[in-house]
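I have a structure here, written as structure tokens, and I will follow up with some questions on it.
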Amino acid sequence: MKLLLFAVLVLAPSCGDDSAAPAGPSPEVALAMLKADMAKFSARPEHRDAEVTIQHCLVGVKGHGTKAERSAAEAEALAAEIYARARAGEDFDLLVKNHSDDIYPCLYSMTLGPDASPGVYLRDKVAPPALGATAWRLAVNEIGIAPFDGDAAAPQSPYGWHLVKRLK
């Protein structure tokens, strides 16, 4: 009888009721947060570390060098959602695995040079340039944003939105 009472009092209220599950911000709030953080982030100076390792989530835009089928507006909204989820503590690696339009695990090591060891890219040779610019503004375990600018004359992030986490 005690077990039945426990099930009724503790388990029953959660059955089929998603209202207790934490909800992320609305799409409008997520987009506003993305843009506000992006403005703060881009104003930061770069650090002087010689080498960094990052993982990134590319939210690609149709017709801009990926197999993505989403418009620029759809990519921006998805990037804002993923960014909000990562900031809320979701596993970044899992978000990358489930959402990136780059080849998983999307890990890159970059150096300022003048030479690069195997598996490490020279920062000034990385495409897109926004990956390096973002990586050198991040502290370890911090997430930053490189916005899509595929219509610019000299795009820094021509494929889509890059959500970048510095690992080392």
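What follows draws every value from the coordinates through simple rules; no lab data is involved. Nothing here was measured: the structure is a model prediction, and the numbers come from that model. Virtual Cβ from ideal backbone geometry, glycine too; neighbours counted across all protein chains shown.
Would it be correct to say that Asp151 is out of contact with any strand residue (DSSP E or B) (no Cβ under 7 Å at 6 or more places or on another chain) and not in a loop (DSSP other than H, G, I, E, B)?
no
Same structure, new question: Can you tell me which of (1) among the hydrophobic types (A, V, I, L, M, F, W, C); (2) crowded, with 17+ Cβ neighbours inside 10 Å; (3) farther than 25 Å from Ala152 by Cα is the one Ala135 doesn't meet?
It fails just one condition, (3).
Taking segment 69-108 on its own, how many of its residues are out of contact with any strand residue (DSSP E or B) (no Cβ under 8 Å at 6 or more places or on another chain) and at positive phi?
Selection size over segment 69-108: 1.
Then there is this: When segment 110-132 is examined, which residues are found to be farther than 17 Å from Tyr83 by Cβ and either crowded, with 18+ Cβ neighbours inside 10 Å or touching a residue at least 12 places away in the same chain (Cβ under 8 Å) (or both)?
Met110, Thr111, Leu112, Val120, Tyr121, Leu122, Arg123, Val126, Pro128, Pro129, Gly132
Which members of segment 141-155 meet the condition of being more than 16 Å from the chain's Cα centre (by Cα) and not acidic (Asp, Glu)?
Gly150, Ala152, Ala153, Ala154, Pro155
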